[in-house]
Amino acid sequence: MRCYLLFATELYALPILRPLARAIVDAGGEVAWFVSAPLAAHLAPGERRLNDAREVREFAPLAVFSASNWVPHFFPGFKVQVFHGFNVEKRAPERGHFRIRSLFDLYCTQGPATTRPFRELAARHGHFAVVETGWPKLDPLFAPPAASEDLRPRDGRPVVMYASTFTESLTSAPLLHAEIARQVAEGSRYWLLTLHPKSDPALVARYRALAGPNARFLEADDVVPMLRAADVLVCDTSSVVSEFAVQGKPVVTFRNRAPKPHMLDIAEVAQLEPALRSALAPSPEWLERLCAYGAEIHPWRDGASSARVLEAVDALARGDLGTLAPKPLNLWRKLQARMRYYRWIDWSAPD
């Protein structure tokens, strides 16, 4: 039986990796998790957690899947990057989405927009392979909804989802709170609210307090049902914008760092109300731009991206993806990984 390890550093990684876990089990494999202590409380019953490197070595995974930008290099198995989000241009390319840290053997890209740059980087560096698979997180988005997922109000009101990045210079959450609170109180629309797990706890509490007959606050690991349920998204510079747009549904962004034609970007709080009216009655041209963008970043609509990730790992193991060059030593980055690991392990289980 083939074993696979899921490496999670933040709460947002769980909905990215859980579809992979299901695909592994469906294929007859075995799954285990390596997560930090705070994240362990969010694992579901039956999700096996490994506590230290000794247990990981004994488990002997064929591959370690990471939604983070790093992975312990000393774990056995191929290191596979499945990404924590889409490229939303928060940073320069060499510091952001396309930064190569020389830790991964395989990059499983989401669509042409990321596949092309990573293949160019693979040709330059030579020590990793690239396969376009689609993003595991979106598998449930394109699957039939579970009966328990209904987040829409029974009275037929339009549903607005609000999400925000935690990056202090880019977040809209402090600026939009009062206007969102006003609209929630007014009640003509139903709101689904969430904030990034790294957001200021006091700010999270303010948004959580808006929950009631006209709004619901959900945690980051519930984002896929929210994406499915909402008619329009309000956001800023976050990967959630792309996750929502691949459905062909309109997005309103607030001071987006790199606004695109498929977004309705606003610069002032007072513009939110008219922007929402436009988004709830989108023009054919707007819908066409949304569809074109979705085809570029994530053309896969079959809910089978996780299965393709496993096929890519098999191809790597067979040698079908070519011979990889040795990774650079990167002693400083490896030291950093060791330091992170020792902060996270469960010392009740000796390494």
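The values are calculated or read from the model by the stated rules, or taken from the named source; none is laboratory data. In this text the structure is predicted, and so the values were computed from the model without any measurement. Neighbour counts are summed over all protein chains in view; Cβ atoms, including those assigned to glycine, are modelled from backbone coordinates with ideal geometry.
Below, the figures for the structure above:
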read-out	value
Of all residues making up segment 45-70, the number that are among the hydrophobic types (A, V, I, L, M, F, W, C) and within 19 Å of the chain's Cα centre (by Cα)	4
Output for segment 219-274, where each listed residue is of a type in the set (Asp, Glu) and in a loop (DSSP other than H, G, I, E, B)	219, 231, 236, 268
Answer from 252, 240 - the residue that is at pLDDT below 95 and either β-branched (Val, Ile, Thr) or surrounded by fewer than 16 Cβ atoms within 10 Å (Cβ to Cβ) (or both)	240
Conditions (1) touching an Asp or Glu at 6+ places or on another chain (Cβ under 6 Å); (2) hydrophobic (A, V, I, L, M, F, W, C); (3) modelled with pLDDT of 95 or more; number of the one not met by residue 14	(3)
Filtered residue count, segment 283-300, keeping only those that are outside any helix (DSSP H, G or I), surrounded by fewer than 18 Cβ atoms within 10 Å (Cβ to Cβ) and in contact with a helix residue (DSSP H, G or I) (Cβ under 8 Å, 6 or more places away or on another chain)	1
Identity of the residue in segment 23-44, assigned to a helix (DSSP H, G or I) and out of contact with any helix residue (DSSP H, G or I) (no Cβ under 7 Å at 6 or more places or on another chain), that ends up surrounded by the most Cβ atoms within 10 Å (Cβ to Cβ)	40
Residue that is over 28 Å from residue 269 (Cα atoms), in a helix (DSSP H, G or I) and of a type in the set (A, V, I, L, M, F, W, C), where the choices are 141, 203, 175	141
Qualifying residues in segment 301-333 (those that are modelled with pLDDT of 95 or more and among the hydroxyl-bearing types (Ser, Thr, Tyr)) - the one surrounded by the most Cβ atoms within 10 Å (Cβ to Cβ)	306
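Rundown of residues vs (1) outside the structural domain of residue 279 (by TED's automatic domain parsing); (2) modelled with pLDDT under 95; (3) in contact with a Ser or Thr (Cβ under 8 Å, 6 or more places away or on another chain); (4) among the aliphatic types (A, V, I, L, M), yes/no style:
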| site | (1), (2), (3), (4) |
| --- | --- |
| 112 | yes, no, no, no |
| 115 | yes, no, yes, no |
| 129 | yes, no, no, yes |
| 132 | yes, no, yes, no |
| 159 | no, no, no, yes |
| 163 | no, no, yes, yes |
